1. Lys and Arg at +1, Asp and Glu at -1: add these up for the other residues within a Cβ distance under 14 Å of SER159 and post the number.
2. To make sure I understand, if each residue's beta carbon is the centre and we count other beta carbons within 10 Å, what order do ASP247, ASP177, ASP374, ASP213 fall in, fewest to most?
3. Residues with amide H under 5 Å of ILE440's amide H, sequence separation 5 or more or different chain, H placed in the peptide plane at 1.01 Å from N; which?
4. Placing +1 at every Lys and Arg Cβ and -1 at every Asp and Glu Cβ, with all other atoms neutral, what dipole size does region 162-212 have around its Cα centre, in debye to the nearest 20?
5. Quick query: amide H of VAL167 versus all other amide H atoms, modeled in the peptide plane; which residues come in under 5 Å with a sequence gap of 5 or more or a different chain?
6. What pairs from LYS172/LYS412; LYS287/LYS389; LYS109/LYS292; LYS287/LYS340 go past 30 Å between their alpha carbons?
7. Which whole-Hz ³J(HN,Hα) couplings does region 302-318 yield from phi under the Karplus relation 6.51 cos²θ - 1.76 cosθ + 1.60, θ = phi - 60°, glycine and proline marked x?
8. Please go through region 216-258 and write out the GluC sites (Glu not before Pro) that DSSP classes as loop and that have at most 14 other C-beta atoms within 10 Å.
Amino acid sequence: MAEQETIYETDKLIATDIDAYLKLHENKEMLRFLTCGNVDDGKSTLIGRLLYDSKMIYEDQLESVTKDSVKSGTTGEAVDLALLVDGLQAEREQGITIDVAYRYFSTTKRKFIIADTPGHEQYTRNMATGASNCQLAVILIDARYGVQTQTRRHSYIASLLGIKHIVVAINKMDIKDYSEEVYNDIRRDYTEFARELEMEDVHFVPLSALVGDNVVNRGDNMPWYEGETLMELLDSVEISGDANVQDVRFPVQYVNRPNLDFRGYCGTLASGILKPGDDITVLPSGKESKVKAIVTYEGDIEQATPGEAVTVTLQDEIDISRGDMIVHPENQPHVGSEFKATVVWMTEQPLVAGKQYNFKIGVSDSTGTMTAVDSQIDVNTLAKNSTDKLELNEIGVCNFSLTKPIVFDSYKRNHSTGSFIIIDRLTNVTIGAGMITEAISGTQTTASSNENFSEFEVELNALIRKHFPHWDAKDLGALLK
């Protein structure tokens, strides 16, 4: 009842004050989520059902899909809602999802961006791409088959990419006569697997995307299920605490110098809260200053929060360029050229040690090599296998060495400053995605790495770093010895 009243008030606002409605819509919380699972689990149909039952489809779209449904003949006289997402001709011919498809819709509470990702093993890289910016994963399981290999694969990748919220949608319950026993068996099997991945926020919902039970509307076929529908879960899952507001990380993307009286540093605040008057350190140079103002198109603001694109001005005229990072002095990331990372390999040419690649970490660019493969991870069993290279769609833990120091955190601590892509130097195509797990010993050069040095050595380290920022950590370590 309260939901209907809210919808009514919103509709009334559209008619009476469109500016107020647009402002209300602009300030809604945004949730990015993906659907994943095995082939033919019903991912595209589920998204189509969400859009259809939420009345988020334009009439001309529905008319077009209705005509296409008659041509495909996969759902009899009913509308094939999967066609709302599967737009490629090859997808419609085969009845599968190949590329990542994005759809947008909103409710009175939230705005949503949905990524429909492929289920085939050969498109694992596409699934990883779609999951990279998501906060929640809807993992579909066919009630006929239960937890499958791709279920484990996609759950592992979602865990690897730091997705904190998982909704396990047990689909096609209509085919299993809406059996509560079937639902409980699958829930038990998945819970045992999720325990190995240390997943904490996992929800289960039995549904039928084809019929519509427990997607947006509850339906009458599963009275034994007393939990929330999928739409209710998406509207209510708590995501406000996911943002990292502790570690200030402001990568400088552009230096704005419109006249002699203004020098601003533009970028998107990756994490933390930045305010005028804050003491800051610029890495990798180690130079220090204070925030003078935080400038936006609409004027100066009192603070910047994660995800905001702002221009920062400082009290001192210091040399800062693209790729540098502004942080708080007492809370600094790693600065170094060597690190260990988990990599998803995305091309047919294997990742091999010694070959030169381009790396993009945030707004920083560098060249470098993979120096060793610690292990290749079997995502089906989570076993670690010994190898010296990674093949297409394989995931492994590798050591990397770059040609210059970069600023980074572990991915677990900070997604923005702990992730990177690997680019082919000849074709300029992205061929790998990585999540940094730790700095390799000897590369750390910030305050957090000084605990093993004397006070004099710490001061000398900072002095050298300030005047010789291009020096590698190995050079500094050798000098200190």
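Every number here is computed from the coordinates shown, using simple stated rules; none is lab data. Keep in mind that what you see is a predicted model, and the values were worked out from it rather than measured. When we count neighbours, we look across all protein chains shown, and the Cβ atoms used for this are built from the backbone with ideal geometry, even at glycine.
1. Value of the local net charge: +1.
2. Ranking ASP247, ASP177, ASP374, ASP213 by Cβ neighbours within 10 Å, fewest first, gives ASP177, ASP374, ASP247, ASP213.
3. GLU338, PHE339, LYS340
4. Working: 6 positive and 11 negative charges, 34 e Å.
Dipole size: approximately 160 debye.
5. Residues meeting the amide H criterion: ALA137, VAL138, ILE139, HIS203.
6. LYS172/LYS412; LYS287/LYS389; LYS109/LYS292
7. Each residue's phi maps through the Karplus curve to give 7, 6, 10, 10, x, x, 7, 8, 9, 10, 9, 10, 10, 6, 10, 7, 10 Hz.
8. Numbers: sites: GLU226, GLU228, GLU232, GLU238; in loops: GLU226, GLU228, GLU238.
Those that pass, being in a loop and sparsely packed, are GLU226, GLU238.
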